[in-house]
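Notes follow once the structure below has been shown.
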């Protein structure tokens, strides 16, 4: 189960009742944050979640609306007497940017590990989840993120029994580990059915539409995608500023065959995103307007 | 007339419904901000004021809760296409801190002028107001600020007539300028009564009590003072962290003979500041708990 909360939905600047776009997910007792604009720590508190279990902070890029809340968040983590290390992931330059901002958050009681990405596509695995990063098309290096929780095949009690394996060895096999019994090695494939669909969440902002997005978001249970503009006549502006209209996001969702799409990262000039949703759904029916603190728990199918 | 708004009342970290302590004043068509923690720009919008007329930003010191909102504010000013220069005032190190934070707000369409203070007391005059800065007692160099709008003496129509001055020369004299008429110089003193009480506002956080505060706040119409702790048993903690209790702030207000005091900069652990107000008023009766966006317009007496 992956708890997902879209902490805010604003682009460019925070507004009363519209925090800057940021995503927080909870899995396996720890939390991961993507982007941290001004006000993110308050948005977390408004959701009723805690900053303490955040082990990983990912950045799409370093425009102010995606990172300006970091010093305050770090200070709050320090004030809460965090000692466990924090991992930060983002495009090249991460350490330089974070260390510059830390001029106002100098003495933290925990370590920060930096993972800087420069390849166009990059994968990491930790805490039982896979993080897939892919470079998108913005005015500065910017990455989209997919979070994947893989699921092994169904455990076959019949096969385990046939092999004569004692029950205490079933669990490690089920978790994907090999075991030894009476001098013979048993691998998971011997007792597991074909790999099943896991959970997949894709988060993508700020960017123009790009093939890589449709490819990496493919089959996501939830695709959270920027939609800077709802007004159709703002396509030229979207192109100029390297952002997307709602309809471009919907086309991507359709191509990527995702289950559901939430729009986010609205222009401050866009007061009521909902007024455009019918036109969005004409392209991709399972689209919803993100709103601050919109949440869902994604589980395995069945 | 000086419009005053206490934008937030929080210390250390922003909370839902409690922004970080910051003061905004409007006078003569321009605005001045003291401190700019994370969320200040949203607090300004919540008040219904604008970031555009802010010409001056003063900093008490550079702890994160007093400056973390600066990059976002600068970006928003830039997005609003500001071109007029912005003046920043603060303790030594200002330029270094601001330029470090500007790693995420690099290309601004306006100039920033820095005024770094290192003297214990320092005065400036601009835009018709006097700014008095005084060093207080915190863990890092930290300054309190008094904003004074001076008021000239009452214009004596009788004297002006006696001197035979034509009406078109009355206004410059009233504004404190000398004039020449029929080969003779007339100075303001010749037509103005004794200098009258102006408007005085003092803002002071973060600090232990200090004589200089009582001295510089003396006679203020409004004294906005930090009160980190309401609980009487937190005096030792206040001393250790170089902050004040509500009662220490009240003693200062009493010594400074101010008209009114607002408390601010509450510890995140202090949920209901109002519960201590009666004990505060036993020391200084005209005390009030600051709350977010508490506002007043200070005018000349009469």
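The values are calculated or read from the model by the stated rules, or taken from the named source; none is laboratory data. Not measured: the values here are computed from a predicted model. Neighbour counts run over all protein chains shown; Cβ positions are idealised from the backbone, glycine included.
Is it fair to say residue A:222 is crowded, with 17+ Cβ neighbours inside 10 Å and under 30 Å from residue A:251 (Cα atoms)? Yes: the conditions hold for residue A:222. With respect to the conditions (1) within 11 Å of another protein chain (Cβ to nearest Cβ); (2) over 14 Å from residue B:264 (Cα atoms); (3) touching a strand residue (DSSP E or B) at 6+ places or on another chain (Cβ under 7 Å); (4) touching a residue at least 60 places away in the same chain (Cβ under 8 Å), residue B:32 lacks only one, and its number is (1).
For (1) in the same structural domain as residue B:145 (by TED's automatic domain parsing); (2) more than 21 Å from residue B:204 (Cβ to Cβ); (3) in a loop (DSSP other than H, G, I, E, B), each residue gets a yes or a no:
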{"site": "B:37", "(1), (2), (3)": "yes, no, yes"}
{"site": "B:51", "(1), (2), (3)": "yes, yes, yes"}
{"site": "B:62", "(1), (2), (3)": "yes, no, yes"}
{"site": "B:71", "(1), (2), (3)": "yes, yes, no"}
{"site": "B:76", "(1), (2), (3)": "yes, yes, no"}
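When residue A:44 is tested against (1) in a loop (DSSP other than H, G, I, E, B); (2) in contact with a strand residue (DSSP E or B) (Cβ under 7 Å, 6 or more places away or on another chain), exactly one condition is not met: (1).
For the stretch A:173-208: of the residues being crowded, with 20+ Cβ neighbours inside 10 Å and part of a loop (DSSP other than H, G, I, E, B), which is farthest from the chain's Cα centre (by Cα)? The extreme case among them is A:191. Scanning the stretch A:73-80 turns up no residue that is modelled with pLDDT under 95 and more than 11 Å from chain B (Cβ to nearest Cβ). Would you check which residues across the stretch A:209-219 are crowded, with 18+ Cβ neighbours inside 10 Å and either over 13 Å from residue A:138 (Cβ atoms) or modelled with pLDDT under 95 (or both) and list them? Matches in the stretch A:209-219: A:214, A:216, A:217.
Once the stretch A:96-144 is narrowed to residues that are out of contact with any strand residue (DSSP E or B) (no Cβ under 6 Å at 6 or more places or on another chain) and part of a strand (DSSP E or B), the residue that is modelled with the highest pLDDT is A:116.
Residue count for the stretch A:83-98, restricted to those that are out of contact with any helix residue (DSSP H, G or I) (no Cβ under 9 Å at 6 or more places or on another chain) and farther than 18 Å from residue A:135 by Cβ: 5.
Checking A:69, A:8, A:64, A:37 one by one, the residue that is in contact with a helix residue (DSSP H, G or I) (Cβ under 6 Å, 6 or more places away or on another chain), in contact (Cβ under 8 Å) with a residue 60 or more places away in the chain and either under 23 Å from residue A:142 (Cα atoms) or surrounded by fewer than 20 Cβ atoms within 10 Å (Cβ to Cβ) (or both) is A:8 and no other.
Summed over the stretch A:11-20, residues that are within 21 Å of residue A:51 (Cβ to Cβ) and either without any contact (Cβ under 8 Å) to a residue 24 or more places away in the chain or part of a strand (DSSP E or B) (or both) total 2. Of all residues in the stretch A:170-206, those being under 30 Å from residue A:266 (Cα atoms) and in contact with a helix residue (DSSP H, G or I) (Cβ under 7 Å, 6 or more places away or on another chain) number 2.
Listed here are the residues, each with its yes/no results for (1) in contact (Cβ under 8 Å) with a residue 24 or more places away in the chain; (2) over 18 Å from residue A:291 (Cβ atoms); (3) out of contact with any helix residue (DSSP H, G or I) (no Cβ under 9 Å at 6 or more places or on another chain).
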residue: A:214; (1), (2), (3): yes, yes, no
residue: A:225; (1), (2), (3): yes, no, no
residue: A:232; (1), (2), (3): yes, yes, no
residue: A:235; (1), (2), (3): no, yes, no
residue: A:241; (1), (2), (3): yes, yes, yes
residue: A:255; (1), (2), (3): yes, yes, no
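From the set of residues in the stretch B:145-165 that are touching a residue at least 24 places away in the same chain (Cβ under 8 Å) and in a helix (DSSP H, G or I), which is surrounded by the fewest Cβ atoms within 10 Å (Cβ to Cβ)? Step by step, filter the stretch B:145-165, then rank; the result is B:159. When residue A:120 is tested against (1) within 12 Å of chain B (Cβ to nearest Cβ); (2) under 21 Å from residue A:204 (Cβ atoms); (3) surrounded by fewer than 22 Cβ atoms within 10 Å (Cβ to Cβ), exactly one condition is not met: (1).
Residue A:57 passes every criterion in (1) at the interface with chain B (Cβ under 9 Å from one of its Cβ atoms); (2) in a strand (DSSP E or B) apart from (1).
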